[in-house]
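What follows is a single structure, written as structure tokens, with notes after it.
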Amino acid sequence: MHSASPSASRPASGTKLQQPARRGFIGAVALASALSLAGGAVFAQPAAKGGAANLAMVGEPQGLDPMVSTADLVGTIMQHVYEPLFTFDANWNVAPMLAESMPVVSKDGLTYTIALRKGVKFHNGRELTSEDVVASLQRWMELSPRGKAVGKQVASLTAKGPLSVEIKLKNPYAPLLAQLALPSGMAAIMAKESIAPQLKDFIGTGPYKFKERRPDQFTVLVRFDDYASRKEAPSGYAGKREALLDELRFVPVPSANTRVEGALSGQFQYSDLLPVEAIGRVEKAGAGVVPIVTKNFGFPYIVFNTKEGVLAPQPMRRAVQTAVGTGELMAGGFGDGRFFVVEPNFFPKGTPYYSAAGGNLYNERNPQSAKDQAAKAGYNGQPIRIMASRQYEFHYNMALVMSEQLKKAGFKTDLQVVDWATLVQRRNDSKLWDVYFTHSGLFPEPMLSPPQLGDGAPGWWDSAAKKSTLAAFNQETNPAKRGALWGQVQQVVYDEVPFIEVGKFNGLSARSAKLQGYTPAIWPFFWNTSLGK
């Protein structure tokens, strides 16, 4: 077993290292104080306006609709254009964004009354009203995987006057506000006149507005001069947002090595998700480049097609689970032991949702037992189609290792390497794949990730045990009681194998020292940032 040591991400002497708000919530209090200090530095003196930042992303977004796609890339870009009712602060607490304040909740926990901020303008110049919010949330509950899960809990959604919205639930639903706050698969508030099954006009309230997208070249956002910011100090995604840069240019750079070279040469002011083996080069690059190591960045996971194909039967998925050695996968994906930890618990020790449930089924790496199980399940040599993308190099490296592990257990494999946009598209068709690799951030609310815990996400996991354990978990609003109920959900995941959580990892990105005021976060954001000379 590998573990990430406390000093794992310390750079060589004299190197500047930016430690971000984790893509988890461990040690959030200490991080919050660090972030507030950073935020204070930004706003202690007025930052210069102007300039354009070139931001190297892992690839081309398959679309720009932030509801339809749960891809981090889409959320990262479009969170600058659209805003939700609520968001997360540096401690991963829910905070109001377009809502005036936190909602008023009835004693029975079923009615949420949400007051909206006055004077918030859309990019077309019209002011936000409750009708926009109702129309947007209805679209979200129809189209977004997370929205669909929320929609099943909602009895009614109504406008109560021009600046008030009421949500009535069928049962208490603890994750509601966290679901409304997530940038991925976002409950984005849109101008009602722009709403369509397929968006043509991207009209939000954010600090930047959409200008142009040229596929495989760039997506350009420009400052929205009439942006209505909150007044609170910046904290994570919450508080004051200011568009200091004239333009944000999100550039698809599928090659991880090209993102590294672009960061080192100064071509990119920010380069997302670099291969961990590049840490030495970035550290030695000098004062012009700042490495960003994100502790507990997230977890890779392997999604199984439970709907059709060779792995639709649970005994076959169980056989594959037995064959897989997650420790080898993490070593293959990250190499450097400072960048990963191999452990069966979905949430780290010391957090409310830590559980050892199902741990005996983790990291078994037992090819003979897997072969016996597969034979008993009627396996007759069909190839297991594994989809992975090289844009996330660790996905690809783990897929190579898994393919070899399955071959040792007597399975045939068909490794299909595609670009990320193609993978996201193909995973929606249950006839095209059996397994795909992806990853998620580590969040304080289990229902935020992975989408497979909701309804209708690729993999299409649906069972009586899933429904009953999740219903009990979601209807319990007492945080102390929810922890034990999460253990029951985790056990069902291990038993039914809709996906395998591989382990936890730290992430590496880089920014130019000229990009000032940047606060690292799970979905990188570039409001409150400026370009120094």
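The values are calculated or read from the model by the stated rules, or taken from the named source; none is laboratory data. All values reported here derive from a predicted model rather than from experimental measurement. Virtual Cβ from ideal backbone geometry, glycine too; neighbours counted across all protein chains shown.
A few notes on this one:
- Against the list (1) in a helix (DSSP H, G or I); (2) touching a helix residue (DSSP H, G or I) at 6+ places or on another chain (Cβ under 8 Å); (3) surrounded by 19 or more Cβ atoms within 10 Å (Cβ to Cβ); (4) not assigned by TED's automatic domain parsing to the domain that holds Ala388, the condition Val320 fails is (4).
- Subset of the stretch 224-256 [more than 23 Å from the chain's Cα centre (by Cα) and within 30 Å of Ser389 (Cβ to Cβ)]: Leu245, Glu247
- Residues considered: Arg139, Arg146. Of these, the only one that is among the charged types (D, E, K, R) and touching a Pro at 6+ places or on another chain (Cβ under 8 Å) is Arg146.
- Residue match in the stretch 193-207 (condition: surrounded by 15 or more Cβ atoms within 10 Å (Cβ to Cβ), more than 25 Å from the chain's Cα centre (by Cα) and at pLDDT 95 or above): yes
- Considering residues of the stretch 457-470 that are of a type in the set (Gly, Ala, Ser) and surrounded by 14 or more Cβ atoms within 10 Å (Cβ to Cβ) only, the residue farthest from Tyr362 (Cα to Cα): Ala457
- Residue match in the stretch 179-190 (condition: surrounded by fewer than 23 Cβ atoms within 10 Å (Cβ to Cβ) and either closer than 18 Å to Asp72 by Cβ or in contact with a Ser or Thr (Cβ under 7 Å, 6 or more places away or on another chain) (or both)): no
- Ala278 being over 21 Å from the mean Cα position of the chain (by Cα), over 22 Å from Ser440 (Cα atoms) and not assigned by TED's automatic domain parsing to the domain that holds Thr87: no
- Test result for Glu142, modelled with pLDDT of 95 or more, loosely packed, with under 15 Cβ neighbours inside 10 Å, over 19 Å from the mean Cα position of the chain (by Cα) and not assigned by TED's automatic domain parsing to the domain that holds Thr113: no
- Yes/no for Pro344 being assigned by TED's automatic domain parsing to the domain that holds Ala319 and closer than 23 Å to Ser69 by Cα: no
- When Gly441, Gly483, Gly410 are screened for being at positive phi and buried (at least 16 other Cβ atoms within 10 Å of the Cβ), only Gly410 passes.
- Residue among Ser184, Ser235, Ser229, Ser255 that is farther than 28 Å from Leu137 by Cβ and either assigned by TED's automatic domain parsing to the domain that holds Gln79 or among the hydroxyl-bearing types (Ser, Thr, Tyr) (or both): Ser255
- Just so you know, in the stretch 107-132 the residues that are in contact with a Lys or Arg (Cβ under 9 Å, 6 or more places away or on another chain), outside any strand (DSSP E or B) and free of Cβ contacts under 8 Å to residues at least 60 places away in the same chain include one that is farthest from Arg223 (Cα to Cα), and it is Ser130.
- In this entry, Ser156 passes the filter for residues that are assigned by TED's automatic domain parsing to the domain that holds Asp89, over 22 Å from Trp92 (Cβ atoms) and in contact with a Lys or Arg (Cβ under 8 Å, 6 or more places away or on another chain).
- Counting only residues that are charged (D, E, K, R) and in contact with a strand residue (DSSP E or B) (Cβ under 6 Å, 6 or more places away or on another chain), the stretch 84-120 holds 2 of them.
- Of all residues in the stretch 395-405, none are over 19 Å from Ala331 (Cβ atoms) and either surrounded by 18 or more Cβ atoms within 10 Å (Cβ to Cβ) or among the aromatic types (Phe, Trp, Tyr) (or both).
- Scope the stretch 361-384; condition touching a residue at least 40 places away in the same chain (Cβ under 8 Å) and within 25 Å of the chain's Cα centre (by Cα); matching residues: Tyr362
- Residue match in the stretch 457-478 (condition: in the same structural domain as Glu308 (by TED's automatic domain parsing) and within 16 Å of the chain's Cα centre (by Cα)): yes
- Among the residues making up the stretch 409-460, a single one is assigned to a loop (DSSP other than H, G, I, E, B) and among the β-branched types (Val, Ile, Thr): Val418.
- Residue among Gly236, Gly266, Gly262, Gly288 that alone is in contact with a strand residue (DSSP E or B) (Cβ under 9 Å, 6 or more places away or on another chain), surrounded by 23 or more Cβ atoms within 10 Å (Cβ to Cβ), of a type outside the set (Phe, Trp, Tyr) and farther than 20 Å from Asp336 by Cα: Gly236
- Of the listed requirements (1) of a type outside the set (S, T, N, Q); (2) out of contact with any Pro (no Cβ under 9 Å at 6 or more places or on another chain); (3) surrounded by 16 or more Cβ atoms within 10 Å (Cβ to Cβ), Leu85 misses just one: (2).
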